[in-house]
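Structure, as structure tokens:
The values are calculated or read from the model by the stated rules, or taken from the named source; none is laboratory data. Just so it is clear, the model here is predicted, and its values are computed rather than measured. Quick reminder, even Gly has a Cβ in these numbers, built from the backbone with ideal geometry, and neighbours come from all protein chains shown.
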Amino acid sequence: MAKRSDTLETVLLAVELLRRIPRGRKVTASELHRQLKDAGIDRDLRTIQRQLEMLSEHFEIERDDRSKPYGYRWLEQAKGLAVPNLTPQESLLLQLAEEHLKNLLPARLMKSMEGFFSQARRNLGPDSRARLEREWPGKVRVVATSQPLLPPKIVPGVFEVVSEALYGNFWLQLDYRNSTGWRSKVEVMPLGLVQQGPRLYLVCRYRGYDNERNLALHRILSAEMSTLTFDRPKEFDLRKYDDDGRFGFGEGEKIRLTFRIEPSAGLHLLESPLSNDQQVVELDDGQLEITATVIDSTMLEWWLRGFGDAVQVIDRRPLESPI
């Protein structure tokens with residue numbers, strides 16, 4: 001049984017290496033060793049080197065041994081495995097995923113996929129025949145709904161440690177400076193990672209407390225992952241946490257809001273309502289009177305003030321109050 005298990009492990013390792021050897025550029029044993037480790041496959045470097053030597057003898061893999069460290073790549077005419085066989089559509093999907101998910105996936109996972117991302121970029125490069133797929137990223141874009149801002153700088157290494165702790169349910173020790181400049185060292189239970197515009201926030205609980213807090217990643221001065229794990233609270237739901245307005249600086253309190261707005265400013269609310277129960281009445285003077293159930297938050301205040309004199313709040317009351 002032991003021999004069969006060892007054989008299976010060897011085969012699986014060989015497959016993983018074949019999938020990660022790129023075409024068009026060389027990769028070293030050390031790079032592949034790091035990619036596998038980031039993907040949770042822990043093998044020593046010498047084992048990786050032996051496997052690469054064997055694979056280069058039996059597959060269409062070039063080994064550049066003119067200088068150390070040796071480099072490996074698929075020959076251009078080789079059929080290869082997996083990565084070399086990415087279709088143009090798969091390459092496009094990976095390219096978009098790399099661009100838009102890089103802050104929403106564990107850093108270790110992103111690093112382990114570097115071989116795939118690299119091949120996808122080559123497949124859609126200027127010399128590729130996949131013209132339509134290559135053109136697609138230039139045809140779509142996610143645009144800002146407010147004044148665009150550059151992302152704040154995050155201390156090197158902080159994102160990697162935070163995402164790894166979040167991924168593995170490990171406690172975190174943080175050196176944190178809040179918006180007022182107060183600096184403290186805290187131990188937190190990471191529960192979620194949220195991107196709001198150009199900023200990243202860690203949703204967490206301080207040790208000894210059962211309420212959630214949002215910590216801006218760019219205000220974390222240093223982060224260290226503990227060896228201790230925690231049981232993720234079953235009652236915590238990141239989607240509900242967001243729906244409760246916690247990223248609009250609210251406490252989840254719903255209100256029934258009624259306001260009047262000039263038609264030129266409020267037309268978009270007929271197309272994109274504030275809520276499912278929104279009601280709109282056109283008044284004799286042409287103004288729109290809108291009533292909707294919304295989360296009471298600072299963001300709601302900013303939104304209303306942004307209309308200036310074009311909006312007039314008539315009523316706002318807690319949802320449980322009689323209307």
TODO: Scan (1) at pLDDT 95 or above; (2) touching a helix residue (DSSP H, G or I) at 6+ places or on another chain (Cβ under 9 Å) for the single condition Glu164 breaks and write down its number.
DONE: (1)
TODO: Scan segment 305-323 and report the pairs whose first residue is acidic (Asp, Glu) and whose second residue is modelled with pLDDT of 90 or more, with Cβ atoms within less than 7 Å and a gap of 6+ or a chain change.
DONE: Asp315/Thr258
Task: Sole exception among (1) under 25 Å from Arg20 (Cα atoms); (2) among the acidic types (Asp, Glu); (3) touching a residue at least 24 places away in the same chain (Cβ under 8 Å); (4) outside any helix (DSSP H, G or I) for Glu164, by number - done: (4)
Task: Residues (among the aliphatic types (A, V, I, L, M), in contact (Cβ under 8 Å) with a residue 60 or more places away in the chain and assigned to a helix (DSSP H, G or I)) located in segment 7-26 - done: Val15, Leu18
Open item on the list: With assigned to a strand (DSSP E or B), over 24 Å from Thr145 (Cα atoms) and in contact (Cβ under 8 Å) with a residue 60 or more places away in the chain as the only criterion, which of Leu191, Leu221 stands out?
Closed with: Leu221
- [ ] Could you tell me which of the residues Leu92, Leu109, Leu105, Leu86 is under 30 Å from Met225 (Cβ atoms), free of Cβ contacts under 8 Å to residues at least 60 places away in the same chain and under 33 Å from the mean Cα position of the chain (by Cα)?
- [x] Leu105
- [ ] Kindly list, by first and then second residue, each pair from a residue in segment 134-153 that is within 14 Å of Gln95 (Cβ to Cβ) and touching a residue at least 24 places away in the same chain (Cβ under 8 Å) to a residue that is not small (Gly, Ala, Ser) and not in a loop (DSSP other than H, G, I, E, B), limited to pairs with Cβ atoms under 7 Å and residues at least 6 apart or on different chains.
- [x] Trp136/Leu92; Pro137/Gln95; Pro137/Leu96
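Hey, any hits in segment 259-280 for a residue that's part of a strand (DSSP E or B), touching a residue at least 40 places away in the same chain (Cβ under 8 Å), touching a Phe, Trp or Tyr at 6+ places or on another chain (Cβ under 6 Å) and surrounded by 11 or more Cβ atoms within 10 Å (Cβ to Cβ)? Outline the logic, then answer.
To start, the set of residues in segment 259-280 that are part of a strand (DSSP E or B) comprises 259-261, 279-280.
Cutting the leftovers down to touching a residue at least 40 places away in the same chain (Cβ under 8 Å) gives us 259-261.
Applying the additional criterion that residues be touching a Phe, Trp or Tyr at 6+ places or on another chain (Cβ under 6 Å) yields none.
No, segment 259-280 has no match at all.
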- [ ] Report those helices (runs of 4 or more DSSP H) wholly inside segment 30-138 carrying at least 1 residues which are basic (Lys, Arg).
- [x] 45-58, 107-112, 114-123, 131-135
Open item on the list: Out of Phe249, Phe236, Phe259, I need the residue that is in contact with a strand residue (DSSP E or B) (Cβ under 6 Å, 6 or more places away or on another chain) and assigned by TED's automatic domain parsing to the domain that holds Asp210. Which one?
Closed with: Phe236
Open item on the list: Considering only residues that are modelled with pLDDT of 90 or more, of a type outside the set (Ser, Thr, Tyr) and under 20 Å from Gly248 (Cα atoms), which ones fall in segment 279-299?
Closed with: Ala292, Val294
TODO: For Lys234, indicate whether it is over 28 Å from Leu274 (Cβ atoms), among the basic types (Lys, Arg), part of a loop (DSSP other than H, G, I, E, B) and out of contact with any Gly (no Cβ under 6 Å at 6 or more places or on another chain).
DONE: yes
- [ ] Sort through Leu92, Leu132, Leu150 and tell me the only one that's among the hydrophobic types (A, V, I, L, M, F, W, C), surrounded by fewer than 16 Cβ atoms within 10 Å (Cβ to Cβ) and closer than 28 Å to Gln196 by Cα.
- [x] Leu150
